[in-house]
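Asker: Sending over a structure as C-alpha cells; questions will come in a sec.
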Amino acid sequence: MGQHHIDADLTTRQDLDRRIEQYRRLILSSLDGLSERQASATPAPGRPSVLGVVRHTAYVEGVWFGEAITGRPRAELDLPVATANSWKTRKTDSIASIADHCHQIHQHSRSNLAGLDLADVVSGRSPRTILSLYTHVLDELAWNTGQLDILRSLAETTDR
C-alpha cells in the first residue's frame, strides 16, 4: 500500500486551497505537448475539445469564486453569460490564450477569497457559504479533470 502523508497542521481552508491548486495544475497540464489542432479537436460534433473543457474550468471558477462572491455580472468578468457557451472555443482561442485566461481567473479567485472564512455567507448570486462555493468548485474541477483525461487521450490520436 502506498504511503500517505497527512499534515495534521493543515487547516481545512489550507487543504481546500491546496486541492484547488492541484486541480488547476492538472487541468492546465492537460494542454502540455498538444498541438493547437489536437487541443481544439472535438471527438464528435457538438462535444467539447480539450481546450473547451479547460476554458470551461475558468468559467466555473469565474462564476463561483467571482460572480457568487462579488455579485458582478459574468459579462463584466469576461465570462460567457450562458453556461452552454463556456465549453465553446472561439476562433481566436489558442493554448496560450486559454492558459493566460485561466491564470487571470485563478488570480481573481485567490483575491476574491482572501480574507473570507469558510463560514462567511456571500450573496452575489444567492446566499451561500464560502465552504459551499469551495465544495461546488472542487466537484466541478474533479469532474472536468476526468473528462480531460479521456479527451486528451482521444486528442493525442489526432494528427498534430
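Asker: Of a type in the set (S, T, N, Q) and without any contact (Cβ under 8 Å) to a residue 40 or more places away in the chain - does that describe any residue in segment 42-57?
Answerer: The answer is yes; a qualifying residue exists.
Residue-by-condition table, conditions (1) assigned to a helix (DSSP H, G or I); (2) in contact with a Lys or Arg (Cβ under 9 Å, 6 or more places away or on another chain):
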position	(1), (2)
ASP32	no, no
PRO43	no, no
ARG55	yes, yes
TRP64	yes, yes
ARG72	no, no
GLU76	yes, no
SER86	yes, yes
ILE98	yes, yes
HIS101	yes, yes
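Asker: Being modelled with pLDDT under 95 and more than 18 Å from ALA58 (Cβ to Cβ) is the filter here, so list the residues in segment 92-121 that pass it.
Answerer: GLY115
Asker: Between a first residue in segment 143-160 that is without any contact (Cβ under 8 Å) to a residue 60 or more places away in the chain and a second residue that is surrounded by fewer than 17 Cβ atoms within 10 Å (Cβ to Cβ), which pairs have beta carbons less than 7 Å apart while being 6 or more apart in sequence or on different chains?
Answerer: none
Asker: Is one or more of the residues making up segment 109-123 in contact with a Phe, Trp or Tyr (Cβ under 9 Å, 6 or more places away or on another chain), farther than 20 Å from THR135 by Cβ and surrounded by fewer than 20 Cβ atoms within 10 Å (Cβ to Cβ)?
Answerer: no
Asker: Something else about it: Any idea which of (1) part of a helix (DSSP H, G or I); (2) in contact (Cβ under 8 Å) with a residue 12 or more places away in the chain; (3) within 19 Å of ALA39 (Cα to Cα) is the one HIS108 doesn't satisfy?
Answerer: Evaluating HIS108 over (1) part of a helix (DSSP H, G or I); (2) in contact (Cβ under 8 Å) with a residue 12 or more places away in the chain; (3) within 19 Å of ALA39 (Cα to Cα) leaves (3) as the failure.
Asker: Go through segment 111-127 and give me each residue that's free of Cβ contacts under 8 Å to residues at least 24 places away in the same chain and part of a helix (DSSP H, G or I).
Answerer: SER111
Asker: Which of the residues spanning segment 128-149 are polar (S, T, N, Q) and in a helix (DSSP H, G or I)?
Answerer: Selection gives SER132, THR135, ASN144, THR145, GLN147.
Yes/no matrix, rows are residues, columns are (1) surrounded by 14 or more Cβ atoms within 10 Å (Cβ to Cβ); (2) modelled with pLDDT under 95; (3) within 17 Å of LEU151 (Cα to Cα):
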residue	(1), (2), (3)
LEU16	yes, no, no
LEU34	yes, no, yes
GLY46	no, yes, yes
VAL50	yes, no, yes
ALA58	yes, no, no
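Asker: Out of ALA142, ALA82, ALA68, ALA96, which single residue is exposed (fewer than 12 other Cβ atoms within 10 Å of the Cβ), over 20 Å from ALA41 (Cα atoms) and not charged (D, E, K, R)?
Answerer: The conditions single out ALA82.
The values are calculated or read from the model by the stated rules, or taken from the named source; none is laboratory data. Just so we're clear, the structure is a prediction, and the values are computed from it rather than from any experiment. Neighbour counts run over all protein chains shown; Cβ positions are idealised from the backbone, glycine included.
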